[in-house]
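Nothing in this text is a laboratory measurement; each read-out follows from the coordinates by a stated rule. In this text, all values refer to a predicted model and were calculated from it rather than measured experimentally. Glycine gets a Cβ as well: all are built from the backbone with ideal geometry, and neighbour counts include every protein chain shown.
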Amino acid sequence: MTHQVIAKTLIVAVFGYLVFGGSQGAYTRSSPEGFADLAEKLAPAVVNISTTQIVDRDRTPEIPKFPPGSPFEEFFREFFDERGENNRDPQQRRRRRSTSLGSGFIIDEEGYVVTNNHVIEGADEITVTLHDDTRLDAKVIGRDPKVDIAILKVETDIDLPTASWGDSDKTRVGDWVVAIGNPFGLGGTVTAGIVSARARTLNGTYDDYIQTDASINRGNSGGPLFNLNGEVVGVNTAIYSPTGGSVGIGFASPSNLISRVLSDLREFGKPRRGWLGVKIQDVTEEIAESLGLDRARGALVAEVVGESPADKAGVQSSDIILAFDGKDVEKMRALPRIVAETNIGKDIGMVVWRDGAETRLRVSVGELDEDEVVVASRSNRSGRRSPQRKEIDELGLVVAELTDDVRDRYELPEATSGLVVVDVDGDSDAAQKGLRPGDIIDEIQQTPVETAEAAISVINQAKKLDRRVVLLRVQSGENVRFVPLKIEG
């Protein structure tokens with residue numbers, strides 16, 4: 001071999017090492033040659049779940065209405081009579097059996113099975129079918145509708161294969177994943193794809209979905225999403241589809257969230273979540289500017305629940321929570337999940353933005369009461385005299401101070417303080433932001449206001465600081481929110 005050939009060979013070898021091996025190899029990993037070995041190993045732990053529900057019909061099917069004497073009227077009457085709907089016992093007519101299919105997987109040899117809550121919700125009978133077609137009756141141990149998860153229990157002497165949990169936090173966009181389930185009742189179906197996105201939200205408070213393009217269809221719900229190590233990194237829960245079939249957008253609840261909930265369900269029969277005791281809203285660019293924050297981030301505290309952990313820790317309305325238990329809160333929607341996953345009773349640190357600077361607080365996390373509903377009391381008095389109106393031109397608002405007559409007129413509790421909105425300029429930013437007569441403004445720029453003069457003074461101070469937006473705390477009925485308004489003029 002000549003020296004030139006040797007040199008070219010070395011160059012090619014070095015290039016190949018840098019691209020396909022070496023320090024850059026992680027970015028150019030080839031796809032797996034196949035998933036057969038993985039599927040053979042994992043499939044036995046995946047089960048089919050069928051449910052039966054006895055459904056009560058509200059009434060007997062009605063004969064379509066046609067003009068009297070119409071031939072169609074007679075035709076449909078004969079049709080229903082032939083079917084026997086009008087001759088059948090009323091109790092029999094009102095009851096029928098409804099069935100549904102889904103997926104699940106076994107998590108330990110004692111017979112605990114994981115599936116989605118919506119797969120078994122309302123079921124009178126639940127049957128788990130194993131990989132070898134063995135059918136077992138199952139009972140519900142616990143379920144959590146808010147993260148759409150349920151845990152079942154089957155009794156058997158069979159040695160049950162199990163699936164193991166993986167760390168969903170280590171799953172990256174672009175990683176290969178494998179879904180196994182029961183789409184359309186076709187059990188033992190294996191599909192593969194990649195993680196398309198992370199931290200997706202749909203409609204739930206605690207949503208943190210893994211998005212995948214692995215084919216997921218009806219019946220896959222409750223089945224596992226595996227990584228290439230054969231570990232469960234998600235529970236297939238939902239799809240996005242205009243047609244009802246797979247279009248390459250599926251969602252799986254992450255294993256780290258689900259395994260924690262399941263632990264509570266097994267031990268207590270219900271989920272146990274951390275509780276802070278605040279009502280929060282998004283921090284917009286306008287809100288960030290009005291409070292002197294560098295950019296839109298965190299969760300804005302609209303209201304603090306009395307005697308809650310937040311109240312005892314000194315959290316105040318209009319604080320922006322920037323970090324909780326060492327975790328940055330970039331978006332408002334992240335805070336409920338972070339708090340919920342924190343151990344109950346744990347003493348943690350939190351960082352809030354208050355009066356233009358960061359403030360550090362300590363809070364002992366409480367337990368969320370899922371059934372707790374806080375309802376504000378309302379008086380039933382009727383108004384008498386018209387309120388004294390005062391204009392705040394800079395905001396396009398007309399307000400009134402809270403005298404006894406004003407409280408009567410707007411049926412406000414004695415404890416209510418602030419200014420009541422009596423009119424809104426239709427062309428103002430206030431109108432666009434949804435302010436309406438009857439709303440209460442109790443703070444502007446984190447400063448309590450009970451007179452129009454006090455409100456105007458706060459606005460003038462903001463103008464001196466070159467603020468183009470001021471932040472109002474607004475009570476609309478039982479709801480409290482912060483509204484950023486542009487300063488006019």
Non-local residues with an amide H under 5 Å from the amide H of V233, with H modelled 1.01 Å from N and Pro and chain starts lacking one, are G166, L225, F226, N227
When V233, V469 are ordered from fewest to most other Cβ atoms inside 10 Å of their Cβ, what list results?
V469, V233
Using the Karplus curve 6.51 cos²θ - 1.76 cosθ + 1.60 with θ = phi - 60°, what ³J(HN,Hα) values do you get for each residue of region 182-198, in whole Hz, with x for Gly and Pro?
10, x, 6, x, 8, x, x, 8, 10, 10, 9, x, 10, 6, 8, 6, 10
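May I ask you to derive the FRET efficiency for I344 and D425 from their Cβ-Cβ distance with R0 = 35 Å, giving the value to the nearest 0.05? Before the final figure, lay out each step's value.
Values: r = 48 Å, r/R0 = 1.38.
The calculated FRET efficiency here is 0.15.
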Separation between Cα centres of region 189-214 and region 435-487, rounded to whole Å:
41 Å
Name the lysines eligible as straight-distance cross-link partners of K270: C-alpha to C-alpha under 27 Å, and not fewer than 8 places from it in the same chain.
K139, K146, K153, K279, K312, K327, K346
What residues qualify as long-range amide H neighbours of D319, i.e. H under 5 Å apart, gap of 5 or more or another chain, H built at 1.01 Å from N?
V301
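How high is the FRET efficiency between E411 and T205 when r is their beta carbon distance and R₀ equals 45 Å, given to the nearest 0.05? Intermediate values should be presented prior to the final figure.
Working: r = 31 Å, r/R0 = 0.69.
FRET efficiency, E411 to T205: 0.90.
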What is the fewest-to-most order of Y206, Y240 by other Cβ atoms lying within 10 Å of their Cβ?
Y240, Y206
What's the extension gain from K146 to K331 if we count 0.36 nm per residue and subtract their Cα-Cα distance?
64.6 nm
The long-range amide H neighbours of V449, using H built 1.01 Å from N in the peptide plane and a cut-off of under 5 Å, are E443, I444
For region 164-268, take every pair of Cα atoms, bin their distances at 5 Å starting from 0, and report each bin as a whole percent.
3, 14, 25, 26, 19, 10, 3, 1, 0
The correct pair for region 390-486, radius of gyration to one decimal and Dmax as a whole number, both in Å and from Cα atoms, is 12.4, 39
Whole-Hz ³J(HN,Hα) for each residue in region 346-352, computed from phi via Karplus 6.51 cos²θ - 1.76 cosθ + 1.60 with θ = phi - 60°, x for glycine and proline: what do you get?
6, 8, 10, x, 9, 10, 10
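How much length is gained if the chain between E453 and T162 is pulled fully straight, taking 0.36 nm per residue apart and subtracting their Cα-Cα distance, in nm to one decimal? Walk me through the numbers on the way to the answer.
Working: separation 291, 0.36 × 291 = 104.76 nm, distance 6.97 nm.
Stretched out fully, the E453 to T162 stretch lengthens by 97.8 nm.
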If each residue's Cβ is checked for other Cβ atoms within 10 Å, how do M332, M350 rank with the fewest at the top?
M332, M350
Paired Rg and Dmax values of region 147-217, which use every Cα atom, in angstrom:
14.8, 41
Could you check the spin-label model distance between R135 and L186? Points 7 Å from the Cα along Cα→Cβ, value in nm.
2.2 nm
Given a Förster radius of 35 Å and the C-beta distance between A357 and R198 as r, what FRET efficiency does 1/(1 + (r/R0)^6) yield to the nearest 0.05?
0.60
